[in-house]
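The values are calculated or read from the model by the stated rules, or taken from the named source; none is laboratory data. Owing to the predicted nature of the structure, the values given are computational and were not obtained by experimental measurement. Neighbour counts run over all protein chains shown; Cβ positions are idealised from the backbone, glycine included.
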Amino acid sequence: MPALGVVWAIYLLIVALVSLATPQRIVPLGQDRCFDEMCFAVVHTETASQLGPPIQRVSASGIFHVVTVRVSSRSRGRTQSERGLRAVLWDAGKSYEVSAEGQQGWEAENGETASLAARLQPGQSVLCVQVFDLPKEAAAPGLVLSYGFTPGYLVIVESPLYHKPVLMQIKP
């Protein structure tokens, strides 16, 4: 039994070393990142210090990044969605969640946006807007799509503990 533990430890060490040596995958602006039959692409980004109509104006702590993601289905036969998928902006090893205040301000002015987990018919696509509040000094943020903690964390290929997240460029 102790030999099995040693083999497992060596295996995990090799996986960790390979993950450190593997460059981070970056998906260019406008290019799809697919999960089976559902695909996601950052198609537009803008920044703002304030969002919302004049009577409901919301100010950013840093700067709002308004990211438009195209969600599309490549399914050929049934309605699809990516339940539980969420977006975060990643910059210099830190992740930033969607800003509830920024999102509400944007939607108050522009209307409700589609969800990343929208159920789509075969061939259908929608635009989803996600608003983040990042510090002004954020250098090169990228969008990361994640399911959060799932049983996939126990699978080495799937676990973000063993590799850098795939970044979707938000700037050309």
Selection from segment 46-69 of residues surrounded by 19 or more Cβ atoms within 10 Å (Cβ to Cβ), modelled with pLDDT of 95 or more and not aliphatic (A, V, I, L, M) yields Phe64, His65
Segment 107-121 residues that are over 18 Å from Val71 (Cα atoms), paired with ones that are among the small types (Gly, Ala, Ser) (beta carbon under 8 Å, 6 or more apart)
Ala108/Gly52; Glu109/Gly52
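Could you count how many residues in segment 117-141 are polar (S, T, N, Q) and in a loop (DSSP other than H, G, I, E, B)?
Qualifying residue count, segment 117-141: 2.
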Can you tell me which residues in segment 83-100 are without any contact (Cβ under 8 Å) to a residue 40 or more places away in the chain and closer than 20 Å to Gln24 by Cα?
Gly93, Lys94
Quick check: is even one residue across segment 70-89 part of a strand (DSSP E or B), touching a helix residue (DSSP H, G or I) at 6+ places or on another chain (Cβ under 9 Å) and surrounded by 15 or more Cβ atoms within 10 Å (Cβ to Cβ)?
no
Just for segment 104-116: of the residues that are part of a helix (DSSP H, G or I) and acidic (Asp, Glu), which one is farthest from Gly52 (Cα to Cα)?
Glu107
Log entry, pairs with first residue in segment 15-32 being closer than 30 Å to Thr68 by Cβ and surrounded by fewer than 13 Cβ atoms within 10 Å (Cβ to Cβ), second being modelled with pLDDT of 70 or more and of a type in the set (Val, Ile, Thr), beta carbons closer than 7 Å, six or more apart or on different chains, reads Arg25/Val166
Glu101 passes all but one of (1) closer than 21 Å to Tyr147 by Cα; (2) of a type outside the set (Phe, Trp, Tyr); (3) part of a helix (DSSP H, G or I); which number fails?
(1)
